[in-house]
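The structure under discussion appears below in the form of structure tokens.
FYI, it's all coordinate maths here, none of it is from the lab. Everything numeric in this text was worked out from a predicted model, so none of it was measured. Glycine also receives a Cβ, built like all others from the backbone with ideal geometry; neighbour counts cover every protein chain displayed.
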Amino acid sequence: MNNTLWTIGLILQVLLLAALLRGGLARKLPFFTALISFYVARSLFLFAGSGQMEDEVYIFCEQALSFIDILLQIVVAWELLRGGRSDPGVRTQAAPVGRLALLFSALIVGSAALAWGLSEISPLNRSRQFDRGVVLTAALMLLVAACTFFRRKGPDAAAAKRVLGGYVLLAVASISAQVGKTLAQIQRNPQAYYLWSYVAIVAYLAVLGFWLVAMSRVSTRPLLKWPRKTTADAG
């Protein structure tokens with residue numbers, strides 16, 4: 001099952017990367033494009049290295065890549081807060097960068113405090129199952145989405161909105177999975193723990209599919225073709 005999910009995830013990531021590059025969306029969302037490229041490279045590297053590296057080396061590489069993943073997600077969150085990059089020659093009424101930077105710093109501090117609190121203070125986490133990195137990035141994306149909900153209605157930020165919408169779904173699933181696994185650990189319920197372990201993975205695959213469709217709909221050269229409505233259909 002794990003190999004099947006890994007294969008599906010890799011295929012969806014490659015298709016999403018192709019959609020971003022083909023449709024010119026990589027210029028609007030360069031950091032998100034870099035993150036998806038990183039995911040593809042990481043998947044292939046870890047798959048190839050699983051049978052070649054010593055266990056200690058493999059674990060070290062996995063942890064180092066996870067740290068890079070967190071850093072890239074934080075940069076992507078900043079990109080989404082700004083609504084992505086505008087097309088050349090298009091004027092937008094964006095908020096001052098300095099003000100956005102202060103807001104983003106506050107969001108990071110709040111997310112980090114939540115991640116630390118859940119992992120150290122909450123009595124729910126007696127078994128230390130909370131992954132601080134997962135909670136930090138999930139909370140950050142939710143806060144960014146809340147800050148941008150009433151802002152940037154122009155079409156130039158359409159791609160960023162769709163990416164952020166996917167992250168909201170993924171964040172809810174990730175935090176739910178963290179809580180579910182912790183409760184299952186406390187209750188000593190291995191079956192529930194096993195099921196909750198796959199919640200975030202399945203949610204990520206679903207979000208990849210959503211992103212693939214969403215990026216194709218806002219792309220100038222969509223990877224997926226959609227039938228156009230004719231006058232007769234509209235009537």
- Query: Taking the simple approach of a point 7 Å from Cα along Cα-to-Cβ for both Ser105 and Val57, what is their distance in nm?
  - Reply: 4.2
- Task: Mind jotting down the distance between the C-alpha centroids of segment 35-55 and segment 96-120, whole Å?
- Result: 30
- Item | Hz values of 3J(HN,Hα) by residue in segment 187-193 - Karplus curve (6.51, -1.76, 1.60), Gly and Pro given as x | 7, 6, 10, x, 5, 5, 4
- By how many nm would the segment from Arg22 to Leu5 grow when fully extended, if each residue of separation counts as 0.36 nm and the alpha-carbon distance is taken off? 3.6 nm
- Give me the distance between the Cα centres of segment 161-223 and segment 18-32, rounded to whole Å. 22
- Message: Could you check the spin-label model distance between Asn189 and Ala112? Points 7 Å from the Cα along Cα→Cβ, value in nm.
- Response: 3.5
